[in-house]
Amino acid sequence: MADLNPHERVQQALQRVAAEVVPDLLEAFPGQVEEIPLTADRIPQVFVTPDALETVALWLKGKGFVQLVDVAGVDYWPHREPRFEVVYHFRELPNLGMIRLRVRCSEQDQVPSLSRIWGMANPAEREVYDQFGIIFKGHPNLKRILNPDDFEGHPLRRDYPIRGPRDLIKLAMPADEGRYRPFVSEPPEEGK
Amino acid sequence: MALKEQQQEKKDHMILSVGPHHPATHGVLRVVLELDGETIVSAQPETGFLHTGIEKQAEQLTWQQAITVIDRMDYVSSFTNNCGYVLAVEKALGITDRIPPRATVARVILMELQRIASHLIFLGTGIFDLGGMAAIFWAFSLRDRILDIFEAVGGVRFHTSYIRIGGLAKDLPENFKEMVEEFLKLAPGRIEELRDISLENPIFKSRTKGIAKMTYEQALALGQTGHMIRTTGSDYDVRKYYPYCGYENYDFKVPVYQDGDLWSRFAIRFEEIFESLKIIRQALDNLPDGPWLIDDRKLVLPPKAEVKESMEALIHHFKLVQYGFDVPAGEVYQCIESPKGELGFYVVSDGRNKPMRVRVRPPCFYSIYSLSEILKGHMVSDLVAVIAGCDPIFGEVDR
């Protein structure tokens, strides 16, 4: 290990996770975990169904992924259905392996809260709730964290307008018709 | 009304609301304390008073333009913000290996200078909060020398937006080396002076030793990174674990403390500054000449002189200004060691000229929410010092 340069060490750790941990994970949770091809950062990633998230996270913690790095919400509207994704990054410390869990969910789905396992999930999930309106089941204190308590709507949704009359913001979601979206524009076609 | 009800429930306990406009909270933080006499029974931080929707704004701008709002997040260390975002986008574009060496080394020098500037703010205001009046003036006067360098480099002192996708906005100024050399001569003595008046001072020691202790397990559960986890015995530093910008080529140590208390959070900063000075020394000696921007007309603007003569250059200029460039669809996570800890960027592209989502993993956000754990059992008078020890910057906590 000592003669490898740090970049190779990181790549080796990520490959080890992809070759050993991910197949075990797929085997341990058949039908609930689905592998996704690697992206540019080479971090192994899997889709997890909302019901299985808590057990998968505990399973990973037992395998040495002791650090929950971040909880992020992503809104894929209008490209995908269900539109939301909650993304968890886990890290093995002091080893270098990382894995990304992605939980697809719709507005109605409830994602189990990880705040009983990692205390930091508490504020992180509150932020995802605040910005996207995703409900976390079993969260001890699911309140808004960045926006004021009387704020209407969830601003990081893709169909939430960045400017415009307040009345338009109050329309029922998902309101993809007639919404005021001044900055969302299509790319020009090639040659025009 | 809510406060009254809570007070009636727990008759012996007093509820004290600190902030949001308290100068010692380093910005706009509200902490709701439940007190038994002078002892803190529970503390509930409340954030969001400086929420500016930076993640939302970044979605409305092209990839290159978004740098300007990412800048304003951690407003005392804009170079590290820029670089983290830029590295994430470069990874998504697959051009990480093609960045010219001059740009990479310049990024390292600037980021380390920024780290020193940010640490000086932490030390100055932190020691000031504990009654050390001189520290804030000493620290800020030295930090001003760094900002002078930034002004010469990027034109402004604070939000430079100097690091761009593909390299740097423009070449380093001619006298850059001399300016940094001058700073390297000046800094060690000034920082030792600052250390001597604070760390071994009996009042400072009695107010920080053994306060707000955190164990390694606690730090992991609470998502701590940076100085918060390195004072609990872990050597987790992104520069060593996941090197970027060629940090693996520099010879530097990661200082580690075992106590996990407030005193070591201050002490580790001094050592980190000296390590940063070592890195700047090495990087400055190896600063290569050559281009500072990637040679790819689809990504960076052509030189102005060429635009006036060449048709292709004019078309590229027009296209980049009007539309920007597309980034292949996909997700990328890139972390860097900001002065406060692990600053992560989870960037999602849908294949267009604007980011679909820029999620920032803010280190200060998690250290502020660790207050509810580490403040328990301490006195009200410790509150101000413990908040300072977290090194919060509310532009980043609230984004």
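Among B:376, B:56, the order by Cβ neighbours within 10 angstrom, fewest to most, reads B:376, B:56.
Note on the protein assembly as shown: Cα-only Rg and Dmax are 24.0, 81 Å. Within 10 Å of the Cβ of each residue in B:220-228, the mean number of Cβ atoms contributed by other protein chains is 4.
The label point for residue A:55 and the one for residue B:296, both projected 7 Å from the Cα toward the Cβ, are 4.4 nm apart. Subtracting the Cα-Cα distance of residue B:213 and residue B:141 from their residue separation scaled by 0.36 nm leaves 22.8 nm. Classify region B:40-142 from the C-alpha gyration tensor, please: rounded if a/c falls under 1.5, else prolate or oblate depending on whether a/b exceeds b/c. Oblate, because a/c is 1.5 or more while a/b does not exceed b/c. Checking the a/c ratio against 1.5 first, then a/b against b/c, what shape does the Cα gyration tensor give for region A:6-153? Judged from the Cα gyration tensor, region A:6-153 comes out prolate (a/c at least 1.5, a/b above b/c). Here the relative contact order of region B:266-399, from alpha carbon pairs under 8 Å that lie six or more residues apart, stands at 14 percent.
For a quick check: sort A:8, B:275, B:90 by the number of other beta carbons within 10 angstrom, fewest at the front.
If I rank by nearby Cβ atoms, fewest first, I get A:8, B:275, B:90.
Region A:8-49 and region B:203-233 have Cα centres lying 33 Å from one another. Among B:163, B:203, B:116, B:197, the ranking by other beta carbons within 10 Å of each residue's beta carbon, starting with the fewest, stands as B:203, B:197, B:116, B:163.
Report relative contact order for chain B in percent, whole number only (criteria: Cα-Cα under 8 Å, sequence separation at least 6).
26 percent
Among the listed pairs B:253/B:340; A:137/B:376; B:91/B:298, those whose Cα-Cα separation exceeds 21 Å are A:137/B:376. According to the square roots a ≥ b ≥ c of the eigenvalues of the Cα gyration tensor, what is the shape class of region B:359-399, taking rounded for a/c under 1.5, prolate for a/b larger than b/c otherwise, and oblate for the remainder? Prolate is the answer for region B:359-399, as a/c is 1.5 or above and a/b outweighs b/c. From the Kirkwood radius over Cα pairs of chain B, Stokes-Einstein at 10 °C and 1.306 mPa s returns a whole-number translational diffusion coefficient of 71 µm²/s. Considering only B:351, B:218, B:338, the residue lying farthest towards the positive end of the dipole of chain B is B:351, judged by Cα position with unit charges set on Cβ. Rounded to whole numbers, the Karplus 3J(HN,Hα) couplings from phi for region A:127-132 are 5, 4, 4, 4, 8, 10 Hz, using 6.51 cos²θ - 1.76 cosθ + 1.60 with θ = phi - 60°, and x at Gly and Pro. Panel values: region B:179-257, Kirkwood radius from alpha carbon pairs, Stokes-Einstein at 37 °C and 0.692 mPa s, translational diffusion coefficient 213 µm²/s.
For residue B:75 and residue A:8, the FRET efficiency from 1/(1 + (r/R0)^6), where r spans their Cβ atoms and R0 equals 25 Å, is about 0.10.
Return the FRET efficiency for the residue pair residue B:65, residue B:148: r is the Cβ-Cβ distance, R0 is 25 Å, and the value is rounded to the nearest 0.05. Efficiency, rounded to the nearest 0.05: 0.35.
Below 8 Å, C-alpha to C-alpha, sequence gap of six or more: please give me the relative contact order for region A:6-153 in percent. Numbers along the way, then the final one.
Numbers: 246 pairs, mean separation 28.6, N = 148.
Rounded, it is 19 percent for region A:6-153.
In this structure, the amide hydrogen of residue A:93, modeled 1.01 Å from its nitrogen in the peptide plane, lies closer than 5 angstrom to those of A:66, A:67, counting only residues at least 5 positions away or on a different chain.
Values quoted throughout were computed directly from the atomic coordinates according to the rules given, and no laboratory measurement underlies them. All of these numbers come straight from a predicted model, not from anything done at the bench. Every residue, glycine as well, gets a Cβ built from its backbone with ideal geometry; the counts of neighbours run over all protein chains shown.
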